[in-house]
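Report on the structure given below.
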């Protein structure tokens, strides 16, 4: 895991603990505060001894300014941790102080992730960040061991969403271990899809294949029936339209004849009157 991913994961774990504080009663504060302090002390230590010095040495002026600001914010957070360590939940200031600690830490995290980390990713190669991440991880374990700090269960603290994000952001070797299936598992799932397979005694089961063949034959039969029916209906509609056209033309002819015949009759009558 590279340095940026490792530090972001630390941020997520601490924020999960903050959310527990915000959703519980003051009687639960002491054990939660102990865990929060252990995570923040470890995180600040590895940043101040390895991460920040590397950025100051190799980064540009803009990155150096943000790092110096981060160091000052660490001092503020450590001051609140020291004050809270000597108090109990019954103390009126405890709840107010822990809320300020949460606000200051979240502000610090936001500046690191939105301002500092993008600059670090621009100015350091992936190889350098991977190497730096390994150094941070090693120093974390050393510091926690020396100060008897119990590391948080990272999978439990991050939850299902955090675990998914971690899987997606970690470098992949081209194989998805979570969804990868063995040949044995694949062969077991095949019979259920209706394509046949092997039974437990090794004999081939053709029932699934027959069902598929039957369904395919039925589908083909329906298609053939539709294709044969289609031309017939087309011919029928054509014949019908021809009959309608013929009938219409005959009706038109009769109507025309009817119109002409009265005119002829009136003409004959006129001629006979004239001869009289």
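List, please: which pairs have Cβ atoms under 8 Å, are six or more places apart or on different chains, and start with a residue in region 17-39 that is without any contact (Cβ under 8 Å) to a residue 60 or more places away in the chain and at positive phi and end with one that is in a helix (DSSP H, G or I) and loosely packed, with under 11 Cβ neighbours inside 10 Å? From residues that are without any contact (Cβ under 8 Å) to a residue 60 or more places away in the chain and at positive phi, there are no pairs. Of the residues that make up region 98-110, is at least one surrounded by 14 or more Cβ atoms within 10 Å (Cβ to Cβ), within 21 Å of residue 2 (Cβ to Cβ), touching a residue at least 40 places away in the same chain (Cβ under 8 Å) and in contact with a helix residue (DSSP H, G or I) (Cβ under 6 Å, 6 or more places away or on another chain)? Yes, some residue in region 98-110 is surrounded by 14 or more Cβ atoms within 10 Å (Cβ to Cβ), within 21 Å of residue 2 (Cβ to Cβ), touching a residue at least 40 places away in the same chain (Cβ under 8 Å) and in contact with a helix residue (DSSP H, G or I) (Cβ under 6 Å, 6 or more places away or on another chain). Selection over region 111-150 of residues that are closer than 13 Å to residue 4 by Cα, touching a helix residue (DSSP H, G or I) at 6+ places or on another chain (Cβ under 8 Å) and either modelled with pLDDT under 95 or not in a helix (DSSP H, G or I) (or both) gives a count of 1.
If you filter region 151-175 down to residues that are at pLDDT 70 or above and touching a helix residue (DSSP H, G or I) at 6+ places or on another chain (Cβ under 7 Å), you find that the one that is surrounded by the fewest Cβ atoms within 10 Å (Cβ to Cβ) is 155. So which residues in region 54-89 are farther than 19 Å from residue 109 by Cβ, without any contact (Cβ under 8 Å) to a residue 24 or more places away in the chain and either in contact with a helix residue (DSSP H, G or I) (Cβ under 9 Å, 6 or more places away or on another chain) or surrounded by 13 or more Cβ atoms within 10 Å (Cβ to Cβ) (or both), if there are any at all? Hits for region 54-89 are 56, 64, 83, 87.
The values are calculated or read from the model by the stated rules, or taken from the named source; none is laboratory data. The structure presented is a predicted model; accordingly, all values stated were derived computationally and were not measured. Positions of Cβ are generated from backbone atoms using ideal geometry, with glycine treated the same way; all protein chains shown enter the neighbour counts.
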